[in-house]
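Structure record follows, encoded as structure tokens.
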Amino acid sequence: MHLQELVEAEGHLIDSHVMENIFDKVVEHNGRFEVEQFRIGRTNSDPSYLRLKVEAPTPELMQHLLEELLGLGCSPVEAGDALLRTVERDRCAPEDFYSTTNHRTYVRHRQKWLEVENQRMDALLVVHDGRAWCRRLRDIRVGDQVVCGMRGIRVLPESKERDRLAFAFMSNGISSERQVETAVRQTASLIQHTREQGLKVVVVAGPVVVHTGGVQGLSDLIRRGYVQVLLSGNALGVHDVESALLGTSLGVRLADGRQEEHGHRNHMRAINAIYHAGGIRQAVDSGRLRSGILYECVRHNIPFVLAGSLRDDGPLPDTITDMNAAQDAYAEQLRGAGLVLCLGSMLHSIATGNMLPSFVKIVCVDINPAVATKVSDRGTGQAIGVVTDVGMFLDLLAKALPPK
């Protein structure tokens, strides 16, 4: 005897291929489905509605199926309030806690649907005083009321937007200058739209920005107010300072691409200079550091976070070496973000994507097409890939945006 559940979904089910994904997921779990009701939206903005009866042969398969369908925006009909359990030990959640996606989520509590705040993937849901939050496992404390099971939860995946169709060609890589320029113009439009909405443009940058000659372009964007936050690692800071003080990046002269004699020491000399100054801000204030990405951040009060790693040289005194503290700093600066530009940094891009809700757009620029693919594969499906040289992209982007 098969177990049965009634589930429903609402949204742009056809354009976003949600409906076919729902059907495929039922079949993958050895289940069966019957469409009880389907209403198609009459206009581009009208949502469609699906009511589905699903069957599974065992309680275990039904549970797994409901978990998968929930991530696709399909929730049980008349599920009632969400089940809350009390945390008994810090950082120890009940066994059946609900683990979040990065999609907009609602929790039913006392017969009201509460929109979850601080939405992110791989978190828990905590309800308190009529509000619901995403909270990381390490932040769970005794007494917290944690949502458990699959009932009373509604997930709304991001719909495929009409203007996003213009980016479809990027999924197969970029092969011509004309296409790169098109991507630049569209990114410039996204930046302007984000700022008009009062949201932040966040840049996640790797040291390749310096190696490829992108310092001037990114510095220009910061100086003109198009960037509100810079997130990176120790390496970008080191090579940015090395470039500003010594004219090299990894010992290679940026002016002509030739190896500087004893240039392999230059990054250590750059770190030493910042230690002598007491930090990045002090180096700027004292006049020791007079150009570069971090210089522009300090001069224009743009917050930056340098997250350390095991392989760092130095690191710079501004680099956060406590990984939990670095994650917290990233998450804090991502609040209010409307657009994130990921520039030549796979690991930092993936980490940032994992902290973002799916309704924040990401443009991932890298010469390696696998980077954008990996960012998307790790759950950040809203990432748009632009396969090109990062330095050239920044130069074109700075020229495409109007002066301020």
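The values are calculated or read from the model by the stated rules, or taken from the named source; none is laboratory data. Since the model is a prediction, treat every value here as computed from it, not as a measurement. With ideal geometry, Cβ positions are generated from the backbone for all residues, glycine too; neighbour counts draw on all protein chains shown.
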**Item:** Condition broken by Ser358, with the remaining ones in (1) under 16 Å from Ala235 (Cα atoms); (2) buried (at least 19 other Cβ atoms within 10 Å of the Cβ); (3) in contact with a Pro (Cβ under 9 Å, 6 or more places away or on another chain); (4) small (Gly, Ala, Ser) satisfied
**Value:** (1)
**Request:** Please tell me if Leu61 is of a type in the set (A, V, I, L, M), touching a residue at least 60 places away in the same chain (Cβ under 8 Å) and not in a strand (DSSP E or B).
**Result:** no
**Failed criterion for Asn324 (all others in (1) surrounded by fewer than 18 Cβ atoms within 10 Å (Cβ to Cβ); (2) in a helix (DSSP H, G or I); (3) touching a Ser or Thr at 6+ places or on another chain (Cβ under 9 Å) hold)** = (3)
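Each row is one residue, and each column tells you yes or no for (1) closer than 25 Å to Pro357 by Cβ; (2) surrounded by fewer than 19 Cβ atoms within 10 Å (Cβ to Cβ); (3) among the hydroxyl-bearing types (Ser, Thr, Tyr); (4) modelled with pLDDT under 95.
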| site | (1), (2), (3), (4) |
| --- | --- |
| Gly11 | yes, no, no, yes |
| Ile40 | no, yes, no, yes |
| Asn44 | yes, yes, no, yes |
| Leu50 | yes, no, no, yes |
| Lys53 | no, yes, no, yes |
| Ala56 | no, no, no, yes |
| Glu60 | no, yes, no, yes |
| Pro76 | yes, no, no, yes |
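Residues checked against (1) β-branched (Val, Ile, Thr); (2) closer than 23 Å to Val146 by Cβ:
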| position | (1), (2) |
| --- | --- |
| Glu10 | no, no |
| Asn21 | no, no |
| Ile40 | yes, no |
| Glu68 | no, yes |
| Tyr106 | no, yes |
| Arg110 | no, yes |
**Asked** Is there a residue being in contact with a helix residue (DSSP H, G or I) (Cβ under 7 Å, 6 or more places away or on another chain) and either over 30 Å from Ala383 (Cα atoms) or touching a residue at least 60 places away in the same chain (Cβ under 8 Å) (or both) anywhere in the stretch 106-116?
**Response** no
**Prompt:** Can you pull out the residues in the stretch 151-199 that are under 22 Å from Pro357 (Cβ atoms), modelled with pLDDT of 90 or more, surrounded by fewer than 20 Cβ atoms within 10 Å (Cβ to Cβ) and basic (Lys, Arg)?
**Reply:** Arg195
**Asked** Out of Arg108, Arg85, which single residue is modelled with pLDDT of 90 or more, closer than 30 Å to His128 by Cβ, surrounded by 16 or more Cβ atoms within 10 Å (Cβ to Cβ) and in contact with a Gly (Cβ under 7 Å, 6 or more places away or on another chain)?
**Response** Arg108
**Total residues in the stretch 177-205, condition outside any helix (DSSP H, G or I) and either touching a Leu at 6+ places or on another chain (Cβ under 6 Å) or farther than 24 Å from Pro369 by Cα (or both)** = 8
